[in-house]
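Engineer: Let me begin by handing over the structure; questions about it come next.
The values are calculated or read from the model by the stated rules, or taken from the named source; none is laboratory data. Bear in mind the structure is a predicted one, so any value in this text is a computation, not a measurement. Here Cβ is always computed from backbone atoms with ideal geometry, including for glycine, and neighbour counts include all displayed protein chains. All accessible areas refer to the heavy atoms of the entire protein, side chains included, with ligands and DNA or RNA removed. Shrake-Rupley method; radii C 1.70, N 1.55, O 1.52, S 1.80 Å.
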Amino acid sequence: MSSDPKTIGAIATALSLGLLWCGLRAGRKQRLLDDTPVSKALGVFIGEVEIEGACVLSEPFTAYLSGQPCAIYRWSIEEEWERWETETYTDKDGKTRTRRVLRSGWTTVADGGESSGFYIQDETGYVWVRPKGADIELLTLFSTSAYRGDALYHEKGPSESIDDSTGRRRYFERGMPIGTRLFVRGRARERTDIVAAEIAEDPRAEMFIISPRKESDLSAGREGAYWTWCVLGFLLALVAAGGFAPTEVGFRGAAPWWGGFAYLLAWLGGWVWMVYNSLVGLRLRVQQAWSLIDVQLKRRADLIPPLVACVQGFRAHEASVQTLVAALRAQAAGGRPSAVAPTLLAVAEQYPDLKGQTVFAQLSRDLVETEDRIALARAYHANIATFYNTRLERVPDRYVADLVKMQPEPLFEAEGFERQAQKLTF
């Protein structure tokens, strides 16, 4: 039954279509990586985001085998065994016989690990990352072998050996050391404990990746997977067509080429679908980036006036205190310090600390951060709009864009702000 050409053809067809699907998925992920600009930590907003920075954690774990400070680590210890076993086989005459064979293998005798959220830090700030559910690539921290009698053999591993042990153990540890340069691609959301963004597992996320590799390396890997799966699918399509072909010699010789042609048509349809969805998703992210600029402008318009009013209130408060203190000091200089002592004590109790300088410094930091947020939002929009407009002009994507009449998105212009920068007067 398994040697029936039609059965082979059906199996090859199913595998061919499955490989085509895998290839298109890899190509779509490559486009998602290429079409999303890398954000700065201060410019991480709600939605799909990519960020690069160092792994930071105030209280890291100490890796079990290597002893390195890590945010995530996993370790295992395997022990080798070797034993004689009896197996049954059928000889060339069809008779059932038994024989003794020497087999060997490895058994995990201990393992473990710890994991925690961590910060991604760059020159603009920090972003909290929750790694649960992410596709995480860890670095090799420890890998060695030890024999019975070595110090490591029982120092880190269990004291008892397994049955038929050869006295040899392998020690593996992988992790994410503090300070490792990481690339994170996921979906940002608002934190529940403080007003800040975090990157965490989200069913709406296209991808959630945490990797020590660069974005270009990840993209190249998915591009290679795309072409590998598609080419293998094409070869299987040729096999499938040969299996379904009639036994006539003339038609059977040309059948594989018809199968390859049908596969190429399916690939073309899938490619158009992939490119169209990629362009639509990119256009939506451009629109979202535009709205983020408006959000930051609205934040500036709502935040700065109350902050200025608060600072002005502190300034008026301290001015009144300084005036009162100066008047009392003048009375004390007149020769009756004991008479003003109760008033001075009341002032000291009512106004124990003058914080004008601190408040002004905080206002300055808030102003700088607000303008930085606006600048980062505008830069993000400019980057992703440029990505989108470039896609519309690049061959062969432009043919799909022309087919559905997609238009370039305008870049944000500084003129005509609806919410002007606040004029501060003190």
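Engineer: From the residues in the stretch 94-137 that are of a type in the set (S, T, N, Q) and part of a strand (DSSP E or B), which one is farthest from residue 173 (Cα to Cα)? Break it down into steps so the answer makes sense when it comes.
Structural biologist: First, the residues of the stretch 94-137 that are of a type in the set (S, T, N, Q): 96, 98, 104, 107-108, 115-116, 121, 124.
Subsequent filtering for residues that are part of a strand (DSSP E or B) retains 96, 98, 104, 107-108, 115, 121.
Numbers: 96: 46, 98: 41, 104: 23, 107: 16, 108: 13, 115: 13, 121: 25 Å.
Restricting to residues being of a type in the set (S, T, N, Q) and part of a strand (DSSP E or B), the top hit is 96.
Engineer: I want to confirm something. Restricting to the stretch 388-426 and keeping residues that are in contact with a Pro (Cβ under 7 Å, 6 or more places away or on another chain) and modelled with pLDDT of 75 or more, which single residue is most open to solvent (accessible area, probe 1.4 Å)?
Structural biologist: Checking each candidate, the answer is 389.
Engineer: In the stretch 54-84, what residues are under 29 Å from residue 41 (Cα atoms) and of a type in the set (Val, Ile, Thr)?
Structural biologist: Residues satisfying the conditions are 56, 62, 72.
Engineer: Take the conditions within 30 Å of residue 264 (Cα to Cα), open to solvent by less than 20 Å² (accessible area, probe 1.4 Å) and touching a Cys at 6+ places or on another chain (Cβ under 6 Å) and apply them to residue 27. Does it pass?
Structural biologist: Values: within 30 Å of residue 264 (Cα to Cα): yes; open to solvent by less than 20 Å² (accessible area, probe 1.4 Å): yes; touching a Cys at 6+ places or on another chain (Cβ under 6 Å): no.
The answer is no for residue 27.
Engineer: Hey, another quick one. Where the second residue is of a type in the set (Ser, Thr, Tyr) and assigned to a loop (DSSP other than H, G, I, E, B) and the first is within 19 Å of residue 113 (Cα to Cα) and lies in the stretch 163-186, which pairs have Cβ atoms under 6 Å and are six or more apart or on separate chains?
Structural biologist: 173/66
Engineer: Being outside any loop (DSSP other than H, G, I, E, B), open to solvent by 70 Å² or more (accessible area, probe 1.4 Å) and in contact (Cβ under 8 Å) with a residue 12 or more places away in the chain is the requirement here; does residue 141 meet it?
Structural biologist: On the way: outside any loop (DSSP other than H, G, I, E, B): yes; open to solvent by 70 Å² or more (accessible area, probe 1.4 Å): no; in contact (Cβ under 8 Å) with a residue 12 or more places away in the chain: yes.
It is false that residue 141 is outside any loop (DSSP other than H, G, I, E, B), open to solvent by 70 Å² or more (accessible area, probe 1.4 Å) and in contact (Cβ under 8 Å) with a residue 12 or more places away in the chain.
Engineer: Across the stretch 209-233, what is the number of residues that are among the aromatic types (Phe, Trp, Tyr) and surrounded by fewer than 18 Cβ atoms within 10 Å (Cβ to Cβ)? Please lay out each step first, then the result.
Structural biologist: Residues of the stretch 209-233 among the aromatic types (Phe, Trp, Tyr): 226-227, 229.
This time we only want the ones that are surrounded by fewer than 18 Cβ atoms within 10 Å (Cβ to Cβ), so: 227.
Qualifying residue count for the region: 1.
Engineer: Next up: Which one of 21, 81 is open to solvent by less than 80 Å² (accessible area, probe 1.4 Å) and aromatic (Phe, Trp, Tyr)?
Structural biologist: 81
Residue by residue, here is whether (1) outside any helix (DSSP H, G or I); (2) of a type in the set (Lys, Arg) holds:
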| residue | (1), (2) |
| --- | --- |
| 8 | no, no |
| 12 | no, no |
| 15 | no, no |
| 20 | no, no |
| 24 | no, no |
| 27 | no, no |
| 31 | no, yes |
| 52 | yes, no |
| 55 | yes, no |
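Engineer: Might you let me know whether the stretch 88-103 holds any residue that is among the acidic types (Asp, Glu), over 21 Å from residue 141 (Cβ atoms) and open to solvent by less than 40 Å² (accessible area, probe 1.4 Å)?
Structural biologist: Yes - at least one qualifying residue is present in the stretch 88-103.
Engineer: Another question about this same structure. Does residue 292 meet the test of being assigned to a helix (DSSP H, G or I), open to solvent by less than 80 Å² (accessible area, probe 1.4 Å), under 21 Å from residue 385 (Cβ atoms) and at pLDDT below 75?
Structural biologist: yes
Engineer: Can you pull out the residues in the stretch 159-208 that are part of a strand (DSSP E or B), open to solvent by 80 Å² or more (accessible area, probe 1.4 Å) and under 30 Å from residue 147 (Cα atoms)?
Structural biologist: The one that is part of a strand (DSSP E or B), open to solvent by 80 Å² or more (accessible area, probe 1.4 Å) and under 30 Å from residue 147 (Cα atoms): 174.
Engineer: Further question on the same structure: Could you check residue 147 against (1) touching a Gly at 6+ places or on another chain (Cβ under 6 Å); (2) in contact (Cβ under 8 Å) with a residue 24 or more places away in the chain and say which number it fails?
Structural biologist: It is condition (2) that residue 147 fails.
Engineer: Same structure again: State whether the residues of the stretch 128-135 include one that is farther than 30 Å from residue 57 by Cα and surrounded by 15 or more Cβ atoms within 10 Å (Cβ to Cβ).
Structural biologist: Residues of the stretch 128-135 farther than 30 Å from residue 57 by Cα: none.
Looking for residues that are farther than 30 Å from residue 57 by Cα and surrounded by 15 or more Cβ atoms within 10 Å (Cβ to Cβ), one finds none in the stretch 128-135, hence no.
Engineer: Further question on the same structure: Collect the residues in the stretch 144-157 that are open to solvent by less than 40 Å² (accessible area, probe 1.4 Å) and either in a loop (DSSP other than H, G, I, E, B) or of a type in the set (Phe, Trp, Tyr) (or both), keeping them in residue-number order.
Structural biologist: Hits for the stretch 144-157 are 153, 157.
Engineer: Report yes if some residue within the stretch 170-185 is under 12 Å from the mean Cα position of the chain (by Cα) and of a type in the set (S, T, N, Q); otherwise report no.
Structural biologist: no
Engineer: Any idea how many residues of the stretch 49-64 are open to solvent by 20 Å² or more (accessible area, probe 1.4 Å) and either in contact with a helix residue (DSSP H, G or I) (Cβ under 9 Å, 6 or more places away or on another chain) or not aliphatic (A, V, I, L, M) (or both)?
Structural biologist: The qualifying residues number 7.
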